[in-house]
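Report on the structure given below.
Just so you know, all these numbers are worked out from the coordinates, no wet-lab data involved. These numbers come from a predicted model, not from an experiment. Cβ sites come from the backbone with ideal geometry, for glycine too, and all protein chains shown count toward neighbours.
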Amino acid sequence: MELNAIIDRFLEIYGGTKEDLYVFESPGRVNLIGEHTDYNGGYVFPAALTMKTTIVARKRNDQKIVLRATDLEDVVEADISNLADYKDLWWGNYQIGVAYEMQNMGYDIVGVDVLYDDTVPHGSGLSSSAAIEVSTALMFATLHNEKKGITEDVDMVEMAKISQMAEHHYIGVKCGIMDQFTSAMGKKDCAILLNCIDLTYEYAHLDLKGKKLVISNTNKKHKLGDSKYNERRGECDSALEALKGAMPDKTCLAEISPEEFEAHKHLINNDIVRNRAEHVIYEIDRTVKSVEALKNGDIELFGKYMNQSHDSLMNLYEVSCKELDTLVFEARKIDGVLGSRMTGAGFGGSTVSVVEETSVEEFIEKVGKAYTEICGLKADFYVTDIGDGGHRVFI
Ligand code: GLA
């Protein structure tokens, strides 16, 4: 919805006037390359979308957090003194999880009426949850600062970390930092090369020389919590333990080069665990090389790395599925497609492809048709713009 329409809806529901309203926005993300590397201390290369969560909020005079969304009938009313009690909500648990995490860190959580509007499709692998978390964290931090007379800007990297921890502690998914960091720190027309070991980052202007980024949504819902995400993390930990037999000082897979891996991989007895490590270590190497290629204006090479990334996620990390593979392989049949891969955690969600502008129409028509024939589902396509990270909107 347009911002004015969201504000009007807020006033319809909660009454009052515009004067005392706060507005915040935070986007979803697409990851271009560097998948399942963040929680191994490696590089990722994501970008923020223009699809986002918008929050309109107003302070209350009591201890209640009241949550509504423009597309839901549900109302969530949470008591600030019992924030641990809302983990089982089917909607609203991400928001209360953030408030709970912040309260435990010493933030003064104030009562609020809130209306959420999400344009990041839920379950699309485009981080609708990070968009909700980061905008919620920014709201509570802004209100906390105001109450305490703190005039500095909210630290958006801190908002990303809080949001990630809410997901670990409240939702139970041991996600990396990529989604929340991108939602907090994204920059228009740029991707972010983020080193997840210490959160150093640089913005890379995304000059695709007339090519477009096309996101294809399988519309097969993926649910991180239900998926094999935590299991994959455990397998990476086992691989590291085994490799430490020869390299005791290594603290994460990202510290191990492909050459070191080749020399010591025999220490990992389990074939599956060895494959997981192989994916992570080569994917990190690919990410660095692909950003180099992009900087040199070699979009074709960038696309090749994207293809390799998908094939590794499919064969070695085993987080793809029929729907993602169908979109990727149908995409690669189209002239003018330079690269195509799944993006995000996998097991459903979306793919991202680099497509010549002149081929976009053909892409959407042919890939869409083949996908429905093969998978029996309808895909959605977004020709993507890269937007800014989380911020307050002054109205
Ligand atoms: C999810 C997680 C991220 C990252 C990706 C896979 O999106 O939230 O931290 O691990 O999966 O790259």
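Here is how the numbers come out for the structure above:
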quantity: Under the Karplus curve 6.51 cos²θ - 1.76 cosθ + 1.60, θ = phi - 60°, whole-Hz ³J(HN,Hα) for segment 47-60, x wherever Gly or Pro sits; calculated: 9, 7, 8, 8, 6, 7, 9, 10, 10, 10, 9, 9, 5, 10
quantity: P(r) of segment 240-395 over all Cα-Cα pairs, binned every 5 Å from zero, in whole percent; calculated: 1, 9, 15, 16, 16, 13, 11, 8, 6, 3, 1, 0, 0
quantity: Simple spin-label estimate for residue 300 and residue 82 in nanometres, 7 Å along Cα-Cβ; calculated: 6.5
quantity: Counting all C-alpha pairs of the chain, share separated by more than 28 Å (%); calculated: 47
quantity: Highest to lowest packing among 9-20, 132-143, scored as the average C-beta count within 10 Å; calculated: 132-143, 9-20
quantity: Ranked packing of 341-349, 237-245, most packed first, by mean Cβ within 10 Å; calculated: 341-349, 237-245
quantity: Sequence ranges 77-89, 378-390, 21-33, ranked by mean other-Cβ count within 10 angstrom, highest first; calculated: 21-33, 378-390, 77-89
quantity: Separation of the residue 260 and residue 383 label points, Cα + 7 Å toward Cβ, nm; calculated: 4.5
quantity: Kirkwood Rh in Å, taken over all unlike Cα pairs in segment 1-70; calculated: 14.9
quantity: Set 64/378; 161/378; 212/369; 265/304 screened for pairs whose C-alpha atoms are more than 30 Å apart; calculated: 64/378; 161/378
quantity: Taking the chain and dividing mean pair separation by its residue count, relative contact order in percent (alpha carbons under 8 Å, at least six apart); calculated: 23
quantity: Whether segment 212-314 is rounded, prolate or oblate, judged on the alpha carbon gyration tensor where a/c under 1.5 counts as rounded; calculated: oblate
quantity: Alpha-carbon centroid distance for the pair segment 76-95 / segment 281-342, whole angstrom; calculated: 39
quantity: Segment 173-217 and segment 102-154: distance between their alpha carbon centers, rounded to Å; calculated: 20
quantity: Label point 7 Å beyond Cα of residue 241 along Cβ direction - residues of segment 247-265 with amide nitrogen under 17 Å; calculated: 247-253
quantity: Mean Cα-pair separation over length for segment 190-283, i.e. relative contact order, pairs under 8 Å, 6 or more apart, %; calculated: 22
